[in-house]
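Everything on this sheet refers to the single structure shown next.
Every read-out reported here was derived from the displayed coordinates using simple, explicitly stated rules and does not represent laboratory data. Because the structure is predicted, anything quoted here is derived from the model rather than measured. When we count neighbours, we look across all protein chains shown, and the Cβ atoms used for this are built from the backbone with ideal geometry, even at glycine.
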């Protein structure tokens, strides 16, 4: 998604001090703003509509089709129901809205602050929101946009879910690290000492494994999808900083990670251990009507089959075909570093589908796994064979 969301925001009382915050970002990050940052304060009542528009424009399909993709892939455990309201999309917007106090929109190069806090935060004592640090976080996105054209790059990745998620992890991880540097130095602590400490790795690991509080009806996938860019992205960026400071982040922006595997395993990126297979948005052969062609990556396969069973991923291509009744058939092809990794994934993924009562066709050929399921059994059988 193209939405660059801040979990806290810019209070109107501090907006006049934006120049001072920009200078702090410049000093920490070692880059100068190339121009002013356009800001606009909006009412919280305006936020849902703006978020819906922003998120919808970042998708390569409609919100209703996006929901069908999630259901067909079992990222959410709900059946595909034609001709219904986009209820899952509305839930996602509610999750965003419950956390967002500000966001930067690279498509219009504008920082939006929300005049009212979310209801859950309205009663917190003054100072707990760390407003100054969050201003810094959002200004980093503006700095990224001015130097690295993040809006242009993000639009180019609309059809590649894995690469888009990896890129967002870079953006959010960097903004979080600059915010951390600002807050630590403001409190008199040494940022470098904290970041270089082995204890910091444990803090990051604990945070990455923590559960995000969500409503009982909100899909777990939403929480994991929203957590990944901030926490795994921060861990990736810390690896970059340890290797060469902020200059190394400049280099990473010139050659950003292209898969969530590189975010989850930073050594694969920095030591050039990983070379994934190229992704094509063309559907599988013989498919006439499609809902979507997806590139899911290690993050999604880990969510579906378990993180340990997604290790060794090097590429995938998923076609969601539709029959005349708009019922889906999912054709999955994945590639793995070894036949052992391929077999391990195949067994775990098929078991996960079996647990949902889904009949599958599956085959392993060396490091390649094909799995198919859905309403068109003949198509599924031909694809696997």
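Quick rundown of the values:
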| read-out | value |
| --- | --- |
| Inter-label distance, nm, simple model (7 Å from Cα along the C-beta direction), residue 271/residue 185 | 3.2 nm |
| The range 290-384 - Rg and Dmax from Cα coordinates, angstrom | 12.6, 39 |
| FRET efficiency, 1/(1 + (r/R0)^6) with R0 22 Å, evaluated for residue 155 and residue 115 via beta carbons | 0.15 |
| Helix axis angle, 220-254 relative to the chain longest principal axis, alpha carbon, degrees | 60 degrees |
| Distance from the range 316-345 to the range 18-44 (C-alpha centre basis), Å | 44 Å |
| Residues 364, 152, 37, sorted so that the one with the fewest Cβ neighbours within 10 Å comes first | 152, 364, 37 |
| Inter-label distance, nm, simple model (7 Å from Cα along the C-beta direction), residue 40/residue 199 | 4.5 nm |
| Computed E for residue 255/residue 207 - FRET, C-beta separation, R0 45 angstrom, nearest 0.05 | 0.95 |
| Residue-averaged 222 nm ellipticity for the chain, from DSSP H runs of 4+ at -39500 (n - 2.57), nearest 500 | -16000 deg cm²/dmol |
| Distance from the range 180-197 to the range 248-280 (C-alpha centre basis), Å | 27 Å |
| Angle between the chain longest axis and helix 161-186 axis [Cα atoms, degrees, rounded to 10] | 20 degrees |
| Relative contact order of the chain, pairs being alpha-carbon contacts under 8 Å that are 6 or more residues apart, as % | 15 percent |
| With Cα atoms, 0 to 90° folded angle of helix 339-355 axis to the chain main axis | 90 degrees |
| Given [x] 38, 24, 18; [y] 33, 26, 20; [z] 97, 26, 14, the label whose value is semi-axes √(5λ) of the Cα gyration tensor in Å derived from this model | [x] |
| Taking 24, 292, 339 and counting other C-beta atoms within 10 Å, the order from fewest to most | 339, 24, 292 |
| Spread of Cα-to-Cα distances over 5 Å intervals beginning at zero, given as percent, for the range 186-342 | 1, 8, 13, 16, 17, 16, 12, 8, 4, 3, 1, 1, 0, 0 |
| Separation of alpha-carbon centers, the range 146-165 and the range 281-304, rounded to whole Å | 19 Å |
| Highest-MSF residue in the chain out of 216, 60, 328 [GNM, Cα springs under 10 Å] | 216 |
| Antiparallel bridges, percent of DSSP beta bridges restricted to the chain (to nearest 5) | 85 percent |
